[in-house]
Amino acid sequence: MSQSQHNYRQRNKRSWRERWYEIIFEADTFPGKLFDVLLLIAILLSVLVVMCESVEGIRKDYKPQLLGAEWFFTLLFTVEYLSRIVCAHRPLRYIFSFYGIVDLLAILPTYLTLPIFTGGADTQRLAVIRALRLLRAFRIFKLAHMLSEAAALRQAMWAARAKVLVFLSVVLIAVVIVGSAMHVIEGGDAESQIETGFDSIPESMYWAVVTMTTVGYGDVSPATALGKLIAACMMMLGYCLIIVPTGIVSAELAHAGGRELTTQVCPECMAEGHDADAKCCKYCGEIL
């Protein structure tokens, strides 16, 4: 018997739950990829319905159609949510996982519009939380290289955490010192009733942050010559410091090696992001 025939028989021996689990939770096969693509389209359309419902003109002219579409997508996502619970090897792990909670929140708002609940008309718009489910797009079309680069970026940021912390400490110290100085310089006399915008140290620190990041809203600005000189120094300091975290992370990223990842989901702990050649889950040891 050839290896392909053996694999074919092994696939046929699997239970319906295992076959549906592969389709619903993974995207390594064509049915799994097709399922995720159709789910992604449904999510986008459902979010579009919620957005249209928030426009008063559209809501008045197409209220029955929007209501029907909303309930259609809600029932569709309810079936999908229940299917995930049935197919999962550990249903409770899925229910209390990040995606499990998001899937539940995606269908609750519409059910809360039923007469048995109060305030249903407002909770329906909370269905826009379905946009969070677009995070599943990283499992579609086998975007393993994107997951690999994301893992490398995460590793680089973690490796550079000490340097970034030192950088943030320097920024915080500069903001506190300059904010305190500007409060003294530009704060004015409390008895003069002149509104300067530097009435307290926290407000002055806010100005220092806005100035250092070169945003410059203009709602608070110095009026004295010394204050303008400090503001110019803060701007120059901001230009010098803004490239520091980028350089730190880029240096660490250059040493981080990305690895090819797969879309397999561990049936035990529901973890993702396993290596392409992994046979067992790297988090709990379960066979993939």
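Quick look at the numbers
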quantity	calculated
Peptides 204-216, 168-180 ordered by average Cβ neighbours within 10 Å, highest first	204-216, 168-180
Approximate spin-label separation L48-L76, in nm, with each point projected 7 Å along Cα-to-Cβ	1.1
Under Karplus coefficients 6.51, -1.76 and 1.60, residue-wise ³J(HN,Hα) of segment 62-72 in Hz, glycine/proline x	10, 4, x, 5, 5, 5, x, 5, 5, 6, 4
Interchain or long-range residues, amide H under 5 Å from C280's placed H	L288
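We did not get these values from a lab; they are worked out from the coordinates using the rules stated. None of these values were measured; they are calculated from a predicted model. All Cβ positions, even for glycine, are placed from backbone atoms using ideal geometry, and neighbour counts span all protein chains on display.
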